[in-house]
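K.L.:
First, the structure itself, so that you have it in front of you.
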Amino acid sequence: MGIGLTEPHAGSDAGMPRLAAVRDGDGWVLDGAKSLSFAMDAAAVVVFARTGPSAERGRDISAFLVPLDRPGVRREPVPDMGTKAVGRGLAHFAGVRVPADHLLGEPGRGFTQVMQGFDFSRALIGLQCLGAAAQTVEETWRYVSTREAFDRPLSTNQGVAFPLAEAETLLAAARLLCYRTLWLKDTGQPHTAEAAMCKWWAPKTAYDVINHCLLLHGQYGYRTELPIEQRLRDVLGLQIGDGTAQIMKLVIARQVLGRELAP
């Protein structure tokens, strides 16, 4: 199952989709394009389309379950440098008809519903990135403890050990932020700002940590035999999906100041 929220022309501006769904008899007809994960392998996708006349951002957007074997659907692969397992690509819809019961939730409320879900998924993405970084740090501790230079293990150099100690600290702090966000959600408390913090800081921290670990492995870290380069590429991609750092910081500012002072 894929999710089609963003579009090729504007990834971050998901509240202004060009894809339109028009009621036609006992069904809906969709025209437009979406950028989505699992585009090449998913059997169906949840598509968010404009269903009303409102030109206001986030309004009159509805969610539809669209099987990707429908007439008028064309898939286009995207040659991403990382996260290849998700098979990201574009789905083009040209007069694609779906039954009325494929409308999910209330008409015109799809954007609001999906944005509420992001407050959960952003914390999970943060933990996903931190997991990759923590595994890399563990492997790097082992490597620098056994790799020798100038007749002694690399770990005896503070220039090697101290950055890894800093990495352990940063990962622990970011992990606790993600856990706190999920605790706020479980206890029914506001957590939009915290989720945005998780989404921009945890992937960035993880990327920086993995990048340094790769360098500590020297030429071996740069080779494809080790998984470090893959983790680096994958975490880089997760700094983009579900909201870039710039958008997340805007979300945090709006939660603190309100939209009038942080439009």
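K.L.:
Quick check: at a probe of 1.4 Å, how many percent of the accessible area of the stretch 1-141 sits on carbon and sulfur atoms?
P.N.:
Of all accessible area on the stretch 1-141, carbon and sulfur atoms account for 57 percent.
K.L.:
By how many nm would the segment from D41 to D24 lengthen if fully extended, with 0.36 nm per residue of separation less the alpha-carbon distance?
P.N.:
Residue separation times 0.36 nm, minus the Cα-Cα distance, leaves 3.2 nm.
K.L.:
Would you please classify the overall shape of the stretch 75-186 from the alpha carbon gyration tensor, given that a ≥ b ≥ c denote the square roots of the eigenvalues, rounded means a/c under 1.5, and beyond that prolate means a/b larger than b/c while oblate covers the rest?
P.N.:
Judged from the Cα gyration tensor, the stretch 75-186 comes out oblate (a/c at least 1.5, b/c at or above a/b).
K.L.:
Just give me a number: lysine pairs in the chain, eight or more positions apart or cross-chain, with C-alpha atoms less than 20 Å apart.
P.N.:
For the chain, the number of qualifying lysine pairs is 6.
K.L.:
Okay, next question. How about the stretch 54-153: which chymotrypsin sites (Phe, Trp or Tyr not before Pro) there lie in a loop by DSSP and see at most 12 other Cβ atoms within 10 Å? All intermediate terms of the calculation are to be shown ahead of the outcome.
P.N.:
Values: sites: F64, F93, F111, F118, F120, W141, Y143, F150; in loops: F150.
Answer in residue order: F150.
K.L.:
Let me ask you something else. By how many degrees, between 0 and 90 and to the nearest 10, does the Cα long axis of helix 110-146 differ from the longest principal axis of the chain?
P.N.:
Between helix and principal axis, roughly 20 degrees.
K.L.:
Roll a 1.4 Å probe over the protein chains and send me the accessible area per residue for the chain in Å².
P.N.:
Details: 13910 Å² over 263 residues.
Result: 53 Å² per residue.
K.L.:
Once the Cα atoms of helix 192-216 and of the chain are each reduced to a long axis, what angle between those two axes, in degrees from 0 to 90 to the nearest 10, is obtained?
P.N.:
It is inclined by approximately 40 degrees.
The values are calculated or read from the model by the stated rules, or taken from the named source; none is laboratory data. The structure presented is a predicted model; accordingly, all values stated were derived computationally and were not measured. Virtual Cβ from ideal backbone geometry, glycine too; neighbours counted across all protein chains shown. The area values use the complete protein model at the heavy-atom level, side chains included, leaving out ligands, DNA and RNA. Shrake-Rupley method; radii C 1.70, N 1.55, O 1.52, S 1.80 Å.
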